[in-house]
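What follows draws every value from the coordinates through simple rules; no lab data is involved. The structure displayed is predicted, hence computed values, not measured ones. Glycine gets a Cβ as well: all are built from the backbone with ideal geometry, and neighbour counts include every protein chain shown.
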Amino acid sequence: MTQLAAYKKMKELMTNYYIEAKTTREKPIAWVTSGAPVEFLYAMDVLPIYPENYAAMCAAGHQSIELLEAAEAAGFSQDLCAYARTDFGADITQGGPVAGLPPPNFLLCSTNICKTVIKWYEVIARKYNVPLFIVDTPFLHDGLTKELIDYTISQFKDLENFLAEFTGKPFDRERFFEVLSLSSEASGYWKKMLYLAKEMPAPFNSLDSFIHLGPIVTLRGTQECVDFYKSLYAEVAERAAKKIGSLPEEKYRVLWDNLPIWFKMRRLEKFFEEKKCTLAVTTYANSWGGYSNIDNYQGKDIYEAMAASYLNVYINLGFEERINYLAQLIEEFSLTGFIMHSNRSCKPYSVGMYRLQEELSALSRKPGVVIEADQNDPRVYSDAQVETRLEAFIESMRPINN
Amino acid sequence: MFDPFHEVVTNVSKTIMQFEAQLRRPVIGVMPAYFPMELIYAAGGYPVQLWGNNLTLEKSDAYLQSYCCSISRSVLELELREISKMVKAYAFTSLCDTLINLRELYRRLFSKPTLQLSIPITQTEEARQAYIKNVLKSVTTGLEEITGQQITQASLIEAATLYGHTRSLQRKLYNIRRQKPGIMKNHDFYTVLKAGFFLPAGAYNQLLETLLHNLEALSQPQDSRPKVLISGMVFDPIDTYKIFDELKFDIVDDDLANGWRTVSKENLQIENLVEGITQYLFNPAPCCCIYNPENDRHTYLLNRVKQSGADGVLFWYIKFCEPDAFDRPQLMNRLKAEGIPAAFIDMELSMSNFEALKTRINAFCEILEG
Ligand code: SF4
Ligand code: SF4
């Protein structure tokens, strides 16, 4: 891992966040999906809890297997997304790094990442007998349309009513705009930071971005989040200015598509370092940069801007747009190739990926590889298989400046 | 009396090509689930339903990983092997993540047009209506472009009547089975349903009417046999029903997306098509793929078990179908809490060795016979 001073601060932020989650008496708790419009919740003093983030923490801390097994013992098939299974397991056993998540008062789910979350949240809603609010952000087969934006906005308005009713307070629009602006600012710093990896050598790598992702997911919309990413950006920018690379030597620069393999972070980091290969950019970490666009719409209807941002998430895009976006990243980040993680857990990210690889290779004229893995379930992962494929791929790339 | 249906099911391509030539309508391949055939027919198309098949996966492996359900994989196999040459376009719905991406994959791999009936998930009423209105517009325009014909009020009425009649005849068949379990072999029953995926509605309705008439002459077996309700996405693989027959085990009802969940749908109302489509998608049977908290699956399934007199519920699980798999544990617990035996069996459509399956069906049978 690149040595960043911000890491300690991030740990502190996340610890405080989970302490508040476990101890709060005043704030209602909502379990939310990573792509949910959380700004509405912060505006109403509802504390958002992210089962996906917690599941990732469990896997990164090598605690996911026992939780997956607990869920499976309760009847949840191994075929299900491992985030959902980890979460079910953590809920059943009250396991993982903070001994389970606090029970929800309601749930907020957005379909921009997948349809799987609806099923997952239905299970939780039934178990806890709490309301589930869904903001449906349909798949963009043919790009954004006015109709889809209107559809999303009318659900936003409905969400405001729901929150007002739930909390017994009128929806605080003024506070909401403040939160939105904080959210957008933090996402802006995050994005600017990620784009510093265009520099050669890259001042940090994507494994670092995965590790520093926690706050932009969970605390987006708070001042601490802005402060944190501002300082992270400054630190990385300084490294970039001084041309300090993340790796001792950078021979290859690649894109990583799909979620990280949370339980293999250290090993993969070492692997890539040995191969002098920087993971310079990822579609996954970039997703949270998209919320910075809300500010670009200034003057326009803020709800429209927000709806556009929440719809326009990479994993919610049709393949044509995905390919063009990937090709653009390859160009902008001066990459030598790309890695696609065919993630058994995540069908919306992975189904069709082999075709995307073919087309992207042809379009970008860069080699690409698909590896079969899973973000959270170590039992379906093989070091040997993945590393052999990656080795062959790395050898097939032409090094930079060549 | 079931021969004509078996004939269709064992000669799918031949049947479709024969009717295509006869009807001179473009064949539209319909993916799972709930795409109203009425719209396709009203636009001058000949809808055939693709719910998966038992082809060995030779070509689709290059594009769909082993963790995709065998419905999606086997359907793709059809097009890659050019077995579905006669299909001119595909109609999709947004049931699950796999299907949504599958449509995108078809768009990249093939030049045939694809339609998308995206099903809203919101509970915000006006949003839902406006959404369906837009989706409907894009689907009907898309269909009209494919067939070169306009959907008219008259063609809609004709289609709604025709397909409404199909489902009402199928409901009669279900009723007979509920009232006289064992009167038809399980394998025959599902072959009748399956033939309807490929036959044009007019021809199918005639066969159904004859069948219903002939069934009157049959009497029910007198021995008492365990009665089961099966629940899942699809009833395939069709050959598995021979096992039930062999074990003298009567499926008395089902809760399947390509069974009762579709068959139970009332005639499509066309006076207000947006409302009609909404009703069609969300009622009357709940489905794991359709978000509708007002139509609770637990209560529904308990009622169906009661009404059908089933002794237990067998969950018929096509591997890697997440929507189905998420709902199952809680549903099973609920059934068991109400004293209803429940078990599940997982399978892939391409499986050819049914021995293990037979053992498991048998084990469940024994529980029911208690
Ligand atoms: S990993 Fe994929 S399937 Fe699972 S919750 Fe995230 S987006 Fe959905
Ligand atoms: S069986 Fe399940 S996973 Fe497969 S297409 Fe149907 S709903 Fe989707």
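B:S231 meets the conditions (1) of a type in the set (S, T, Y); (2) crowded, with 22+ Cβ neighbours inside 10 Å; (3) touching a Pro at 6+ places or on another chain (Cβ under 8 Å) in every case but one. The failed one is (3). Where helices (runs of 4 or more DSSP H) sit wholly within segment B:281-370, those with at least 2 residues that are of a type in the set (G, A, S) and exposed (fewer than 15 other Cβ atoms within 10 Å of the Cβ) occupy B:355-369. Looking at segment B:13-25, is at least one residue over 22 Å from the mean Cα position of the chain (by Cα) and within 16 Å of ligand 1 (Cβ to nearest atom)? Looking through segment B:13-25, none of the residues is over 22 Å from the mean Cα position of the chain (by Cα) and within 16 Å of ligand 1 (Cβ to nearest atom).
In segment A:59-83, the qualifying residues are those that are surrounded by fewer than 24 Cβ atoms within 10 Å (Cβ to Cβ) and among the small types (G, A, S), and the one that is farthest from ligand 2 (Cβ to nearest atom) is A:G61. Would it be correct to say that B:K248 is surrounded by fewer than 16 Cβ atoms within 10 Å (Cβ to Cβ), away from every other protein chain (no Cβ under 14 Å), more than 16 Å from ligand 2 (Cβ to nearest atom) and outside any loop (DSSP other than H, G, I, E, B)? So B:K248 does not fit the description; no.
Every residue in segment B:351-370 that is within 25 Å of B:I71 (Cα to Cα) and of a type in the set (V, I, T), please. Passing the criteria: B:T359, B:I361. Selection over segment A:330-352 of residues that are hydroxyl-bearing (S, T, Y) and near ligand 1 (Cβ under 10 Å from one of its atoms) gives a count of 3. Against the criterion of being part of a helix (DSSP H, G or I) and within 14 Å of another protein chain (Cβ to nearest Cβ), A:D79 does not qualify. Where helices (runs of 4 or more DSSP H) fall wholly inside segment A:142-250, the ranges with 2 or more residues that are touching a helix residue (DSSP H, G or I) at 6+ places or on another chain (Cβ under 9 Å) and within 14 Å of chain B (Cβ to nearest Cβ) are A:146-167. Do we have any residue at all in segment A:42-64 that's more than 27 Å from A:N343 (Cα to Cα) and assigned to a helix (DSSP H, G or I)? Within segment A:42-64, one or more residues are more than 27 Å from A:N343 (Cα to Cα) and assigned to a helix (DSSP H, G or I).
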